[in-house]
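Below is one structure, written out as structure tokens; comments come after it.
Each reported figure results from applying straightforward, stated rules to the coordinates on display, with no laboratory input. Only a predicted model underlies this, so the values are computations on that prediction, with no experimental measurement involved. Ideal geometry is used to build each Cβ from the backbone, glycine not excepted, and the neighbour counts take in all protein chains shown.
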Amino acid sequence: MKKIWKSNLNILLPLFAVILISILLEIGVAMLFGYVVDSASGAINMKFSNVIFVSISLLVIESCIKWIYEVMSYKFVAKMSLDTKIYIFNNLLKQDIESFYKNDIGDKISILTNDINTIETEYFRTFLSLVKSGFLFLFAFGTIFYVSYQMTIALMILTAISFIFGNIPMKNLKNFKEKYSNSQSEYTARTSEYFNGYETIKVFGLEKFISKVFFNNSKNVYDKGLDYQKRYSFVTMISYFFGGFTFLGGFVCGGFLAHKGLITIGQMLICVQLTNHIVNPLMFALESYGKFKSVDKILKKIENTLISEENIETKEIEDFERSISLKNISFKYDEKKVLEDINFDFERNKKYALVGLSGSGKSTLMKLISKRLKTDEGEIYIDNTNLSEVSRNSIINLISTINQNVFLFKGSLYDNVTLFSKDYSEEKVKEVISKAELNKYLDRLYDEDLISENANNLSGGEKQRISIARSLIKDTKVILADEILSSLDNEIAFSIEKGLLELENITLISVTHRLIKENLKKYDEILVLKDGRIEENGNFEELMNFDSYFKKLYTISEVENN
């Protein structure tokens, strides 16, 4: 946040200057009104018409300055909010995948919506108002001291009483605000969850249950918001009382001093009018300081959400010549060991299949190779370079990952294959689309209506083919295919796997449960994982020539497919 404040000093500092000018004009107008009275009554020797002219001129200038302030303050608040959104979003994008999913997606959406709105209204706007109120308070006090030190002493006593007793009810206001903010985050997170799981809700007839839970979530937001508003309204009430107390006290003191002849009627009016500039800032400060401080916990929540590991110095690599080597690799989720003592070399331009039961560690191994996870023990090398030292940009350019769940953007096939990059020619795009066997869509390459939201109008096979085209257009040397066939029927699964195996100059590492004999024979090597270890490895014929664990898996798969 400090960087955001610093980057907007070019707006904030001129805005401070405008605030000061505006305050000086307000003080000047108040004093001139007093001079108008004293000039009319003959208490001072000043031409009445001159006083009126100057007063009107100041009012015109003050009105213009107020307009400038409104425009500049809006620009400042809007720019701060914009920069904060961008700061949060960009920092979320910098997180590794594991860190990103530690917090609910709904929490992140809530930060970028509910919390940003709160920060804008109760932090940035309140900050400006507090600054203006503070300056106005000080200048009003100074002016009253110039007019009458007796009035200054009286107002200082009244202000101290108001501030001390008015500040008491603000205790715990930020706790009420935090509870309200948390209820909004929970509401957003759960609502996002219901929509993502809509199909499950309908299939299992959970409408009534979900409706009840939604009501409870909504009611919780209502209750916490009401609790906060009650507390905030109580603070406002107390602030109003002590503001009136200070104004009334100042009015009485001014009348008393005028009656004793210590000040003129005009000076009394100046002091009474400037008392407004003490009372109103005081009321606002008492009312808003707690609100301003209540945002602290929201800012801390944002910082905690954005925490990610510091970047270490990395190397750029464009290719590998020999192998990707796994040396004594072990990994665990929390306390559960998923991989243990894995040693293997994936050689350049060869095709590898990873097979094994669910939970054997296949997908975890793929995530370690693509640096989406970090090893607990052991090292991974690309030739002689430790993977931990390889830059993220190099990983993106070297390794493509195709997952079971393919995310497609609403829009054209061209944008979904190129991922909005302008670095590829139309000929290149058409070439990879043909290789991915999507020729039927070539004449609709730029059709913005081809792919609907969530790609609901495409089959699972078509989504996977688009994902393959994405990998091919990048010309990466390694393709990791993680369970991409599991949701497809046998014919499409066979066709897609066959297409991947026929790619030249590509190192393919594929995780699969779909054991199709014709394709399995084309793999250079099959790694069989069991309980986080490599149980056995070899080509199809080698593994089938003895009573292997793979042979049992293959036999079971044949029965299921038939």
Which is the longest run of the chain containing none of the chymotrypsin sites (Phe, Trp or Tyr not before Pro) found in DSSP loop states (not H, G, I, E, B) with at most 15 other C-beta atoms within 10 Å? 205-406
For the chain, the helices passing both cut-offs (Cα extent along own axis of 15 Å or more, Kyte-Doolittle mean at least -0.5, full DSSP H runs) are 9-41, 48-94, 125-147, 149-166, 207-259, 265-306, 460-473, 490-501
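Subtract the Cα-Cα distance of Thr385 and Tyr446 from 0.36 nm times their separation in residues, and report this length gain in nm to one decimal. Could you put the intermediate results ahead of the total?
Details: separation 61, 0.36 × 61 = 21.96 nm, distance 4.09 nm.
Difference between extended and current length: 17.9 nm.
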Mind checking the full-extension length gain between Ser421 and Glu518? Use 0.36 nm per residue of separation minus the Cα-Cα distance, one decimal, nm. 31.2 nm
All other residues with a Cβ under 10 Å from the Cβ of Ser7 taken together, and with Lys, Arg as +1 and Asp, Glu as -1, what is their net charge? +3
If we count other beta carbons within 10 Å of each Cβ, what is the order of Ser425, Ser557, fewest first? Ser425, Ser557
Average Cα contact separation per residue, the stretch 316-364, under 8 Å, 6 or more apart, as relative contact order %: 33
Give the whole-number value, in cubic angstrom per residue, of the convex hull volume spanned by the C-alpha atoms of the chain. 210
Given the candidates Ala493, Ile473, Ala455, the one whose Cα lies deepest towards the positive end of the charge dipole of the stretch 447-503, counting +1 at each Lys or Arg C-beta and -1 at each Asp or Glu C-beta, is Ile473
Between Lys350 and Ile210, the two model label points (7 Å from Cα along the beta-carbon direction) sit apart by a distance in nm of 4.8
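So what is the relative contact order for the chain, in percent, with contacts set as C-alpha pairs under 8 Å and at least six apart? Each step should come with its number before you reach the end.
Details: 760 pairs, mean separation 76.8, N = 562.
Once normalised by length, the contact order is 14 percent.
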Farthest toward positive dipole pole in the stretch 323-561 [+1 Lys/Arg, -1 Asp/Glu at C-beta], among Ala353, Asn397, Thr364: Asn397
D (µm²/s, integer) via Stokes-Einstein for the stretch 128-269, Kirkwood Rh across alpha-carbon pairs, 37 °C, 0.692 mPa s: value 168
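Can you give the calculated 222 nm mean residue ellipticity of the chain, where each DSSP H run of n ≥ 4 adds -39,500 (n - 2.57) and the sum is split over every residue, rounded to the nearest 500 deg cm²/dmol? Write down the numbers at each step before the final one.
Details: 21 runs with 345 residues, N = 562.
Mean residue ellipticity, 222 nm, calculated: -20500 deg cm²/dmol.
List, in the order given, every pair from Lys315/Lys530; Lys428/Lys517; Lys297/Lys410; Lys435/Lys477 whose Cα-Cα distance in the structure shown is over 25 Å. Numbers along the way, then the final one.
Working: Lys315/Lys530 34 Å; Lys428/Lys517 33 Å; Lys297/Lys410 37 Å; Lys435/Lys477 16 Å.
From Lys315/Lys530; Lys428/Lys517; Lys297/Lys410; Lys435/Lys477, over 25 Å: Lys315/Lys530; Lys428/Lys517; Lys297/Lys410.
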Explain nothing, just the number: relative contact order of the stretch 323-561, from Cα pairs under 8 Å at least 6 residues apart, as a whole percent. 26
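I'd like the FRET efficiency for Lys428 and Phe234, computed as 1/(1 + (r/R0)^6) with the beta carbon distance as r and R0 of 56 Å, rounded to 0.05. It would help to have the intermediate numbers written out before the result.
Working: r = 67 Å, r/R0 = 1.19.
About 0.25, to the nearest 0.05.
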